[in-house]
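The values are calculated or read from the model by the stated rules, or taken from the named source; none is laboratory data. This structure is a prediction, so every number in the text was calculated from the model and none was measured. Positions of Cβ are backbone-derived with ideal geometry, glycine not excepted, and every protein chain shown enters the neighbour counts. These accessible areas exclude ligands, DNA and RNA; they are computed on the full protein's heavy atoms, side chains included. Shrake-Rupley method; radii C 1.70, N 1.55, O 1.52, S 1.80 Å.
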Amino acid sequence: MAFRRHICSLRNELLATAATFALIALIVLIAPRITEKYRKHSQFTQQFVLGTVIAVLENNIEEDAFVDGRYVGNQRIRVRINEGEFAGREFDSTNTLSALRSAVAYEGLAAVFAIRMDKDGKPVVWLYNYNRTPYVYLLIALLALLVAAIGRFKGLRSLLALSLTGTVLLYIVVPCMWSPHPALVAMLSLAVSCIASFILVAGFSKKAFCAGCGTLCGIFLAGFLSFTFGRIMNLSGVDMEKGETLLYLAQSRNFKLTSLLFVSILIACLGATMDVAISIASSAEQLHIADSTMSVKVFFASVLTVGKDIIGTMTNTLILAFCGSSLPLAMMIWGYHMDYMQFINIPLIVINILQALASSIGMVASIFFTAIFSVLVFKRALLVQAAR
């Protein structure tokens, strides 16, 4: 009997894995054909290609007096382009450095170069930035190896769930922010991603169902709070970081900035809320296995007790994550001796506070919702018996 149950569980896990691979493939193949109509032609006239600095002809730079590790001045360099229509050709270029842009060139440097055509149709080349892509891939590989080594097959399924979430965000949520109903598309897409992730991690189980329902209730509550208080406090996507750039796009395209704040909080809240919900659902499952005769009242109280231990650390996690991203802003407030009533009403600061608090409320609420669904699922027989 146990062997048959193991085979059935393995079959379900393999089925969920195969279905997720198929879903990712379908999204990658089909979504661009649907969403491409929302995107106009590129606004950039230059190309970005890989190249190599083969010589530094002049070097007139010095260390920045205010920022450590930065240089100011200019360099005259000779570069060889390694890809694209100008592959193999060499160009002389001027590399200007400042405190904000300080990509120092040296012989043998492999970097990203920008190429544009001047008014006479001749290519103009300049050093755009360091090529940091290999190090990003290295970190991704390191994460994958650690997750696979420690989590084994379940770890690999977790990586697959992460890949699905990333695919949904990049191929559906972001492009559909230009659609007529971005908030609706985002909610449905994130709901599908959430459910699929739980099935991958926990299989087709009661635990996955409870965690999924609790997560969806939590993130939608966070989204509702962000939408409601955003309206009350007269906040919009324009007030967010890079919002002014998006305002220009909104004027030239069909883009609803009012949905940006709502969707951003849904995304920010999703990860931590899923983490909490699956922990609560797993605890509820283990409590039921340990004592299936436990009363509904005791069972619910025990599940909430587990949630109380999680609330403190996970709330700190969310708040500190937002504080970390807002550290330069906090330093600016302190450094300029800004008055409390001045900085507390700056829209960007209020948005950061709203994101942190709404996400935390949604995460904490997901504990309660997951506990409710756990009672309904694991104690269904007792509830039916009590109703009679």
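Only one residue in Ser205, Ser189, Ser197 is farther than 23 Å from Ser259 by Cα and open to solvent by 10 Å² or more (accessible area, probe 1.4 Å). Which one? Spell out how you get there, then give the answer.
Numbers: Ser189 fails: farther than 23 Å from Ser259 by Cα; Ser197 fails: open to solvent by 10 Å² or more (accessible area, probe 1.4 Å).
Of the residues listed, the single one that is farther than 23 Å from Ser259 by Cα and open to solvent by 10 Å² or more (accessible area, probe 1.4 Å) is Ser205.
For the range 215-230, indicate whether the set of residues that are in contact with an Asp or Glu (Cβ under 9 Å, 6 or more places away or on another chain), of a type outside the set (Gly, Ala, Ser), open to solvent by 20 Å² or more (accessible area, probe 1.4 Å) and free of Cβ contacts under 8 Å to residues at least 60 places away in the same chain is non-empty.
Looking for residues that are in contact with an Asp or Glu (Cβ under 9 Å, 6 or more places away or on another chain), of a type outside the set (Gly, Ala, Ser), open to solvent by 20 Å² or more (accessible area, probe 1.4 Å) and free of Cβ contacts under 8 Å to residues at least 60 places away in the same chain, one finds none in the range 215-230, hence no.
Would you be able to say whether some residue in the range 125-143 is surrounded by 11 or more Cβ atoms within 10 Å (Cβ to Cβ) and either in contact with a Lys or Arg (Cβ under 6 Å, 6 or more places away or on another chain) or among the basic types (Lys, Arg) (or both)?
Quick first cut of the range 125-143, residues surrounded by 11 or more Cβ atoms within 10 Å (Cβ to Cβ) only: 125-131, 140, 143.
Still in the list and also either in contact with a Lys or Arg (Cβ under 6 Å, 6 or more places away or on another chain) or among the basic types (Lys, Arg) (or both): none.
The answer is no, given that none of the residues of the range 125-143 is surrounded by 11 or more Cβ atoms within 10 Å (Cβ to Cβ) and either in contact with a Lys or Arg (Cβ under 6 Å, 6 or more places away or on another chain) or among the basic types (Lys, Arg) (or both).
Which of the numbered conditions does Gln43 fail, given that it passes all the others? Conditions: (1) modelled with pLDDT of 90 or more; (2) under 31 Å from the mean Cα position of the chain (by Cα).
Condition (1) is where Gln43 drops out.
Quick one: Ile267 ticks every box in (1) aliphatic (A, V, I, L, M); (2) modelled with pLDDT of 80 or more; (3) loosely packed, with under 12 Cβ neighbours inside 10 Å except a single one, so which number is it?
Single failed check for Ile267: (3).
Taking the range 190-232 on its own, how many of its residues are basic (Lys, Arg) and either within 22 Å of the chain's Cα centre (by Cα) or within 17 Å of Ser158 (Cβ to Cβ) (or both)?
Of the residues in the range 190-232, the ones basic (Lys, Arg) are 206-207, 231.
If we keep only those that are either within 22 Å of the chain's Cα centre (by Cα) or within 17 Å of Ser158 (Cβ to Cβ) (or both) too, we end up with 207.
Within the range 190-232, residues that are basic (Lys, Arg) and either within 22 Å of the chain's Cα centre (by Cα) or within 17 Å of Ser158 (Cβ to Cβ) (or both) number 1.
Exactly one condition in (1) within 18 Å of the chain's Cα centre (by Cα); (2) open to solvent by 60 Å² or more (accessible area, probe 1.4 Å); (3) over 24 Å from Phe209 (Cβ atoms) is false for Ala183; which is it?
Of (1) within 18 Å of the chain's Cα centre (by Cα); (2) open to solvent by 60 Å² or more (accessible area, probe 1.4 Å); (3) over 24 Å from Phe209 (Cβ atoms), only one is false for Ala183: (2).
If I ask for residues that are surrounded by 19 or more Cβ atoms within 10 Å (Cβ to Cβ) and either in a helix (DSSP H, G or I) or β-branched (Val, Ile, Thr) (or both), which ones from the range 168-180 would you list?
At the first step, the residues of the range 168-180 found to be surrounded by 19 or more Cβ atoms within 10 Å (Cβ to Cβ) are 168, 171-173, 175-177, 179.
Result: Val168, Tyr171, Ile172, Val173, Pro175, Cys176, Met177.
When you look at Arg157, is it within 25 Å of Leu23 (Cα to Cα), surrounded by 15 or more Cβ atoms within 10 Å (Cβ to Cβ), under 28 Å from the mean Cα position of the chain (by Cα) and not aliphatic (A, V, I, L, M), yes or no? Talk me through it step by step, then tell me what you get.
Working: within 25 Å of Leu23 (Cα to Cα): yes; surrounded by 15 or more Cβ atoms within 10 Å (Cβ to Cβ): yes; under 28 Å from the mean Cα position of the chain (by Cα): yes; not aliphatic (A, V, I, L, M): yes.
In short, yes.
Evaluate the following for Ala148: is it assigned to a helix (DSSP H, G or I), over 17 Å from Thr20 (Cβ atoms) and of a type outside the set (Asp, Glu)?
Values: assigned to a helix (DSSP H, G or I): yes; over 17 Å from Thr20 (Cβ atoms): no; of a type outside the set (Asp, Glu): yes.
The answer is no for Ala148.
Take residues that are hydroxyl-bearing (Ser, Thr, Tyr) and tell me which of the strands (runs of 3 or more DSSP E) falling wholly in the range 14-121 contain 2 or more. So that I can check it myself, show each step before the final result.
On the way: elements: 47-63, 71-81, 90-97, 110-117.
Strands (runs of 3 or more DSSP E) meeting the threshold: 90-97.
Filter the range 31-40 down to residues that are open to solvent by 80 Å² or more (accessible area, probe 1.4 Å) and within 27 Å of Ala196 (Cα to Cα) and give me whichever is modelled with the lowest pLDDT.
Start the filter on the range 31-40 by keeping residues that are open to solvent by 80 Å² or more (accessible area, probe 1.4 Å), which leaves 33-34, 36-37, 39-40.
Next, only the ones that are within 27 Å of Ala196 (Cα to Cα) stay: 33-34, 36.
On the way: Arg33: 85, Ile34: 84, Glu36: 80.
The extreme case among them is Glu36.
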